[in-house]
1. Leaving out ligands, DNA and RNA but keeping every protein chain, what accessible area does THR169 have, in Å² rounded to the nearest 10, with a 1.4 Å probe?
2. Where nothing but the Cβ of Lys and Arg (+1) and of Asp and Glu (-1) is charged, how large is the charge dipole of the stretch 38-166 around its Cα centre, in debye to the nearest 20?
3. Would you kindly work out the equivalent ellipsoid of the stretch 79-119 from its C-alpha gyration tensor and give its semi-axes, the square roots of five times the eigenvalues, largest first in whole Å?
4. What are the ³J(HN,Hα) values, in whole Hz, obtained from phi via the Karplus relation 6.51 cos²θ - 1.76 cosθ + 1.60 with θ = phi - 60°, for each residue of the stretch 93-106 in sequence order, with x given for Gly and Pro?
5. Could you point to the residue in ILE101, ALA82, MET157 farthest towards the positive end of the stretch 79-202's charge dipole, with +1 and -1 charges on the Cβ of Lys/Arg and Asp/Glu respectively?
6. Jot down the radius of gyration and Dmax of the stretch 141-245, Cα atoms only, both in angstrom.
7. For the stretch 1-66, what's the radius of gyration and Dmax over Cα atoms, in angstrom?
8. Give the distance, in whole Å, between the Cα centre of the stretch 200-242 and the Cα centre of the stretch 93-120.
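The values are calculated or read from the model by the stated rules, or taken from the named source; none is laboratory data. Remember, it's a predicted structure, so these values are computed and weren't measured experimentally. Cβ sites come from the backbone with ideal geometry, for glycine too, and all protein chains shown count toward neighbours. Surface areas here come from the heavy atoms of the whole protein model, side chains and all, with no ligands, DNA or RNA. Shrake-Rupley method; radii C 1.70, N 1.55, O 1.52, S 1.80 Å.
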Amino acid sequence: MSSDAARQTLLVFCDSLSYYGPQGGLPSDDPRIWPNIVAHQLDWDVELIGRIGWTSRDVWWAATQDPRAWAALPRAGAVIFATSGMDSLPSPLPTALRELIRYVRPAWLRRWVRDGYGWAQPKLSPIARPALPPHVTVEYLEMTRGAIDFNRPGIPMVASVPSVHIAPTYGMSHRGRPGTVAAINEWAHLHDIPVVDLKAAVAEEVMAGRGNPDGIHWNFEAHQGVADLMLKALAEAGVPLDNPRA
């Protein structure tokens, strides 16, 4: 084992896909979720910074305003951007307006608005635009990459492109995915950042209905699949994997 002073940290910016399992959300130290599987193999610590519904815009704000990110970055051996899934999901309302629902008062009105949106979302999702246009996703990723690289020049980074889903709450629609995938891959190619295709890692489990009953979050087999691809991408980014833990 490495000494505490020498231990590196895997800094992960994520949405709920990274810490939800087949029955719901899990603590960030649960050994079955992919960030901890990866960190165990590297013999690193993990700093998991994320929240349900986060987009690449939220990652920008977290990287620049969350003191946990500031504390983790000097010790980080690599940074992973594990968002873009929410970016590409259909959003009948502009994201900023949708996020304001939680602040509606009084409580009865908030429940009424939330229930109304819950009724409308699956019906409007097949024609709705993605939560963030692909070019906006890339703009926020680039701002975040630039800020991190300014403070830690050359630190290995890994990005990801969206997963897939069979979620009734989104009307089974994911028409924004191809544009988001193309934009992220183009951006990542410009900066030599390896990209993990979350679809490749989880589609077999999700599309077969073996994930979370909500149709969007994963089972632990899918988390293992993501971990395997993340380790390959980290190696491609320059993280040494010569002596991973068994």
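1. Surface accessible to solvent at THR169 totals approximately 80 Å².
2. 660
3. So the equivalent ellipsoid measures 26, 12, 8 Å along its semi-axes.
4. Residue by residue, the stretch 93-106 yields 9, x, 3, 4, 5, 4, 5, 6, 4, 5, 9, 5, 10, x Hz.
5. ILE101
6. 15.5, 45
7. 12.8, 36
8. Between the Cα centres of the stretch 200-242 and the stretch 93-120 lies a distance of 32 Å.
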